[in-house]
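Worksheet: one structure, shown below.
The values are calculated or read from the model by the stated rules, or taken from the named source; none is laboratory data. Model, not experiment: these values are computed from the prediction. Note that each Cβ is placed from the backbone with ideal geometry, even for glycine, and that neighbours are counted across all protein chains shown. Note: areas computed on protein heavy atoms with side chains; ligands, DNA, RNA excluded. Shrake-Rupley method; radii C 1.70, N 1.55, O 1.52, S 1.80 Å.
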Amino acid sequence: MANTVFILSREKERAAIDRVTSNPARQELLYKMVDAVWRVRETGSVTEEELSPIREGFQSDSEIVWSRAAGWLAKLVEFAPEITSVVAELAAHRSPEVRCRLCASLADPRYSDVLILPRLKRLLGDSNDEVRDMAVQICLKRRPAKLLPTLEAALAAELS
């Protein structure tokens, strides 16, 4: 594990949340995420209790919420690589919106190629057009050479 998870003070994190949204439900979920990450920082471990608001954040229609959930998840996976199963779980979620949001989050450089390559490969063959398109965009952004054959096959399938 890494030494600590970087996070501003609770007060600064809450003030930043208050600047980007005045919606009480969104604020509350974002506050829960901050509290969860602070618990990880204080205890040095990640439990289901801390992952719950982050999973919930990926289901939000608000980009403010799901993008912050994505950032926190990347930080937590970097801190505790053993929780990569959460990334796989979200990549296989029943909701195409959640899969697309997770896919978009894979551009985060904190995720290693070793972690994202299997997920991107799966997402390139997703049943949803938007998810597949996002997976292509992330491949082009990250440029993982190991995925070039899979990307070319996905492109050929789209064109046929």
Exactly one of ILE116, ILE54 is within 12 Å of the chain's Cα centre (by Cα), over 28 Å from ILE17 (Cα atoms) and open to solvent by less than 30 Å² (accessible area, probe 1.4 Å), and that residue is ILE116
Which helices (runs of 4 or more DSSP H) does the stretch 48-160 wholly contain that include 3 or more residues that are small (Gly, Ala, Ser)?
-> 63-79, 85-91, 148-159
Enumeration of residues in the stretch 14-40 that are more than 12 Å from TRP72 (Cα to Cα), of a type in the set (D, E, K, R) and surrounded by 13 or more Cβ atoms within 10 Å (Cβ to Cβ) = ARG14, ARG26, ARG39
Conditions (1) within 11 Å of the chain's Cα centre (by Cα); (2) surrounded by fewer than 16 Cβ atoms within 10 Å (Cβ to Cβ) -> ARG94 fails only (1)
LEU106 being under 30 Å from PRO149 (Cα atoms) and either open to solvent by less than 40 Å² (accessible area, probe 1.4 Å) or within 10 Å of the chain's Cα centre (by Cα) (or both) | yes
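What's the total number of residues in the stretch 3-22 that are in a loop (DSSP other than H, G, I, E, B) and among the aliphatic types (A, V, I, L, M)? Quick ask: steps written out before the conclusion?
First, pick out the residues of the stretch 3-22 that are in a loop (DSSP other than H, G, I, E, B): 3-9, 21-22.
Still in the running and among the aliphatic types (A, V, I, L, M): 5, 7-8.
Going through the stretch 3-22 one residue at a time, the tally reaches 3.
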Write out, first by first residue and then by second, each pair whose Cβ atoms fall under 9 Å of each other, whose residues are 6+ apart or on separate chains, and whose first residue, in the stretch 14-40, is closer than 15 Å to SER67 by Cα and of a type in the set (Lys, Arg) while the second is open to solvent by less than 30 Å² (accessible area, probe 1.4 Å) and not in a helix (DSSP H, G or I).
-> ARG26/SER60; ARG26/SER62
Flagged pairs (Cβ under 6 angstrom, 6 or more apart or on separate chains; first in the stretch 65-84, within 15 Å of PRO53 (Cβ to Cβ) and open to solvent by 20 Å² or more (accessible area, probe 1.4 Å); second basic (Lys, Arg) and at pLDDT 95 or above) are TRP66/ARG101
